[in-house]
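Notes follow the structure.
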Amino acid sequence: MYGFINSCLQSLVVEKFGHDTWVKLSSLPGVQDTFMTYTVYDDILTLSLVTEACSLLDVSADVFLKLFGEHFFQFCKQAGYDTMLRTLGGNLIEFIENLDALHSYLALSYQEMNAPSFRVEMTGDGKMLLHYYSDRKGLHHIVPGIMEAVARELFDSKVTMVVLNQSEEDERTGKKEHVVFLVKQTNQAGKPTDQVVPSQRGGALFRRMRDRCMSLAGKKRGWELIRALVLSENGSHQCTLSPFYPDKLWMDEKAFCNAFPFHIVFDEDLKIRQTGVNLQKFVPGLHARHATLDQYFIITHPQVTFTIESIKKFINSQFVLKTFKDKYSTLKLRGQMLWIDSLGCMLYLCSPKLRSLQELQDVGLHLADLAQHDVTRDLVLLNQQRLAEMELTNQLERKKEELRILSRHLEAEKEKTETLLYAMLPRHVANQLKDGKSVEAGEFEVCTILFSDVVTFTNICAACEPIRIVHMLNCMYSKFDRLTSIHDVYKVETIGDAYMVVGGVPVPTDTHAHRVANFALGMRIAAREVTNPVTGKPIQIRVGLHTGPVLAGVVGEKMPRYCLFGDTVNTASRMESHGLPDHIHLSSSTYSELTDAGFNIQQRGQIEVKGKGQMTTYFLLGNLLVSEDRIMGREDGKTCLYREELHSQSKTVLPTGAPQRSALQMDGRTEGERRDTPADGISAPHTTTPFAWDISPPYVPDVKGTNAPDNDLNSRLCVLL
């Protein structure tokens, strides 16, 4: 089938059932986002779409196909075939009888089109039978949908169709489907519509005019009466005069054969009695004695057996005959069959079937070989131009499809670029920078900052290859990055083994401390899944949290970064450096935010903090209300842990000349000092099996609750009980 059919199917699904339904159907192999109008697609693709649509929508095939038939008629009207369809016939019978002629015309543009065939039969009791022939089985349910739409839109009537017979076609060659419908047509008032053949129409019109004349006789006279009769049928001129035929035909045989150079007269035995002069020239042997039509031609449309009885059944169809290839250059003839009852012969009045000037040359014909009155001359020239327009349309459609694919790839690349950009900067900051706007620094009244580092990272770096360090950090940071998305905290930066996040910046939130606390618990769990490349055991991390105000802004032009400034950053870093391995160290301000929130927190006591003096700190042991799986985002449908309204963000301008130092640099220590800073000697609360780790330089527990460095530099092990 051509892409026009598939496009109609796509239009039906999108209009009636939504774009999402078509997206699901488009996952089938071979289905494209757009179909080329003049491109031929395998029938299997169309049938697969229909089958999948019925399964997806839970409707039967006959219901869906009937709906497709109704939509197909509307789709054809929108595609520019409206006027063509309206002029096919004055009633439903004439419309159906001329459908094959319409398909024959469309075949000039759609050369590979394999259209169905239709035939109307009027029974003796006035019933209308519609014969449907198709090479595709199971699609006859489309016909009632089309005919109902045609009757409603074009003839202001209603049609009901019932299948009387469905069998293997025996009138046409091959195994074809033949379905017979009983058609009942009624007007909008519900009264049956007269279904008469053209030969019976004259008598019906005469009777209506006679009745109308009797009703107007007392009101109008003379020409007024005649004019009222003529215009009585909805303003249309109805002629009731019978045709006049001469007593004899005023044309001899020679003039007839010259006037109609392509015609054939044959009898009931298919014996050729007469041919046109040009047909004799291009198909020699037709005038030979006892020559029969089936010796030189085959019927390609309609696909009936080559007998006089089959031809009579399809007398209203347009016949296409083709010469045998093994005898002459292939010549196709297209025309009308007329039965001459007085002679017992059939007249085939035809002309060559040509699509273009190239076909005209291939057959060996010239325009001069066609009669002056034959519209084939004009048709070939017009279709030549149409073929050029079709080729241009195909090229435009292909270019459009290429541009659509390129646009889709461009959008994908743009999305990758934006994803990378948003991973480096907050979304609203990145959007402002993309628009060429300056980003003002913002002051946040309260937020929670987290620092973490790897215990004995310096020793690990000294004992193994750099690539193994990269793999370890990448594995660890990938797990941490995933947790930032789960708890919606912002990753500020990483330097070496140091990892920094903040909650409540750049988007203020009431649950900033809860988010960072749960994130810290998830970090500790995730770190146990990362292996130390030296010992082969899980790595250990130190984590510190502090809550307070900060100033945030973008610094730098070469590689702009969103950095935090303020004493809160320094204090959070101190919480990490003075913490214990595999523990989460909290300041008193963070502890206040987490109080009565379901967290398991134990007081550590007073400790000496560099640059801060004595501080009361705490250890975060866990969350009593949330499971580890939920903290890690492993429970489906339960990843949303926080519900609150966002605060409006206040912004202030960064003072001119303010030092542009990153958050990690605000710590005041060198990277080496950060890695080598020992953990406090205070014993952590015993909650699990005793474990040991390497630290350098060593610290030993002090019974007074303070930490003092040991002077024994040979000691390399510290044990927590």
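Scanning the stretch 346-353 for residues that are over 16 Å from Thr275 (Cβ atoms), surrounded by 18 or more Cβ atoms within 10 Å (Cβ to Cβ) and not polar (S, T, N, Q) turns up at least one hit.
Of the candidates Gly496, Gly503, Gly522, Gly544, the single residue that is closer than 17 Å to Ser573 by Cα, among the small types (Gly, Ala, Ser) and under 41 Å from the mean Cα position of the chain (by Cα) is Gly503. On the stretch given as the stretch 535-555, residues that are part of a strand (DSSP E or B), among the hydrophobic types (A, V, I, L, M, F, W, C) and either in contact with a helix residue (DSSP H, G or I) (Cβ under 8 Å, 6 or more places away or on another chain) or under 15 Å from Thr590 (Cβ atoms) (or both) total 5. Of the residues that make up the stretch 234-254, is at least one at pLDDT below 85 and surrounded by 11 or more Cβ atoms within 10 Å (Cβ to Cβ)? Scanning the stretch 234-254, I find at least one residue that is at pLDDT below 85 and surrounded by 11 or more Cβ atoms within 10 Å (Cβ to Cβ), so the answer is yes. Restricting to the stretch 418-444, and then to whatever is open to solvent by 80 Å² or more (accessible area, probe 1.4 Å) and under 25 Å from Gly566 (Cβ atoms), can you tell me which residue is farthest from the chain's Cα centre (by Cα)? That would be Glu443. Residue check: Val59 meets all listed conditions (1) outside any helix (DSSP H, G or I); (2) touching a strand residue (DSSP E or B) at 6+ places or on another chain (Cβ under 6 Å); (3) of a type in the set (Val, Ile, Thr) but one, namely (2). Among the numbered conditions (1) open to solvent by 20 Å² or more (accessible area, probe 1.4 Å); (2) modelled with pLDDT under 85; (3) farther than 24 Å from Asn316 by Cα, the only one that Leu216 does not meet is (1). Looking at this structure, is Val626 at negative phi and within 47 Å of the chain's Cα centre (by Cα)? So Val626 passes the test. Taken together, the criteria place His141 among residues that are open to solvent by 20 Å² or more (accessible area, probe 1.4 Å), under 21 Å from Phe181 (Cβ atoms) and touching a residue at least 24 places away in the same chain (Cβ under 8 Å).
Just to be sure, is Ile299 surrounded by 19 or more Cβ atoms within 10 Å (Cβ to Cβ) and either in contact with a Leu (Cβ under 9 Å, 6 or more places away or on another chain) or aromatic (Phe, Trp, Tyr) (or both)? Yes, satisfied. Number of residues in the stretch 107-138 that are closer than 29 Å to Glu389 by Cα and either acidic (Asp, Glu) or surrounded by 16 or more Cβ atoms within 10 Å (Cβ to Cβ) (or both) equals 9.
Inclusion of Lys479 among residues that are of a type in the set (Lys, Arg) and either part of a loop (DSSP other than H, G, I, E, B) or within 22 Å of Met559 (Cβ to Cβ) (or both) is not warranted. Would you say Glu415 is open to solvent by 60 Å² or more (accessible area, probe 1.4 Å), in a strand (DSSP E or B) and not aromatic (Phe, Trp, Tyr)? It is false that Glu415 is open to solvent by 60 Å² or more (accessible area, probe 1.4 Å), in a strand (DSSP E or B) and not aromatic (Phe, Trp, Tyr).
Output the number of residues of the stretch 525-534 satisfying the condition of being part of a strand (DSSP E or B) and open to solvent by less than 20 Å² (accessible area, probe 1.4 Å).
0
Considering only residues in the stretch 376-412 that are open to solvent by 100 Å² or more (accessible area, probe 1.4 Å) and under 21 Å from Tyr105 (Cβ atoms), the one that is modelled with the lowest pLDDT turns out to be Gln385.
Would you say Thr83 is surrounded by fewer than 16 Cβ atoms within 10 Å (Cβ to Cβ) and polar (S, T, N, Q)? Step through it out loud before you land on a result.
Details: surrounded by fewer than 16 Cβ atoms within 10 Å (Cβ to Cβ): yes; polar (S, T, N, Q): yes.
Answer is yes for this residue.
If you go through the stretch 492-506 one residue at a time, do you hit one that is within 21 Å of Leu420 (Cα to Cα), open to solvent by 10 Å² or more (accessible area, probe 1.4 Å), hydroxyl-bearing (Ser, Thr, Tyr) and part of a helix (DSSP H, G or I)? No; the residues of the stretch 492-506 include none that is within 21 Å of Leu420 (Cα to Cα), open to solvent by 10 Å² or more (accessible area, probe 1.4 Å), hydroxyl-bearing (Ser, Thr, Tyr) and part of a helix (DSSP H, G or I). Pairs linking a residue in the stretch 17-42 that is more than 16 Å from Ile5 (Cβ to Cβ) and at pLDDT below 75 to a residue that is open to solvent by less than 60 Å² (accessible area, probe 1.4 Å) and outside any helix (DSSP H, G or I), with Cβ atoms under 8 Å and 6 or more positions apart or on different chains, are Asp33/Ser26. One residue alone among Ser60, Ser11 is at pLDDT 80 or above and open to solvent by less than 50 Å² (accessible area, probe 1.4 Å), and that residue is Ser11.
The values are calculated or read from the model by the stated rules, or taken from the named source; none is laboratory data. Predicted, not measured: the structure shown is a model, and the values here were computed from it. Ideal geometry is used to build each Cβ from the backbone, glycine not excepted, and the neighbour counts take in all protein chains shown. Side chains are part of the model used for accessible areas, which takes the heavy atoms of the whole protein and leaves out ligands, DNA and RNA. Shrake-Rupley method; radii C 1.70, N 1.55, O 1.52, S 1.80 Å.
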